[in-house]
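The values are calculated or read from the model by the stated rules, or taken from the named source; none is laboratory data. Computed from a prediction, not measured in an experiment: that's the story for all the values here. Keep in mind that these areas ignore ligands, DNA and RNA; they rest on the heavy atoms of the full protein, side chains included. Shrake-Rupley method; radii C 1.70, N 1.55, O 1.52, S 1.80 Å.
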Amino acid sequence: MKKFIATLVASLFATAAFAQTPAAPAAPAPAKAEAAHTKAVVKAEAKETKAVVKADAKEAVVAADAKADVASAKADAKATKAKAHHKANKAKVKADAAKADAAVAATPAK
């Protein structure tokens, strides 16, 4: 009976050792690239928003100071907004390119 119990205990420990699930693999590189891409896009959008707000504030101040300069201020604000949109789009394209590069680097070679 003691041998039987000893065998059961030994088999219990043996199955417990082999029944463990393997450790989860490390986060894949595309997840890191995706996070970096998202961060870059958010940063570009924040810069764009900040520039637009700044241009709008500048336009409001100039409009309050002198109505004669309103047309000029609007043109300046429009140019500033266009520049901000262009910079944001450029940053987004750059982030997309970085994401694509990271995805290409992460794919295994055949």
Note: among Ala57, Ala14, just one is at pLDDT 75 or above and open to solvent by less than 80 Å² (accessible area, probe 1.4 Å), namely Ala57
The correct count of residues that are more than 20 Å from Val41 (Cα to Cα), at pLDDT below 75 and open to solvent by less than 100 Å² (accessible area, probe 1.4 Å) in the range 73-108 is 3
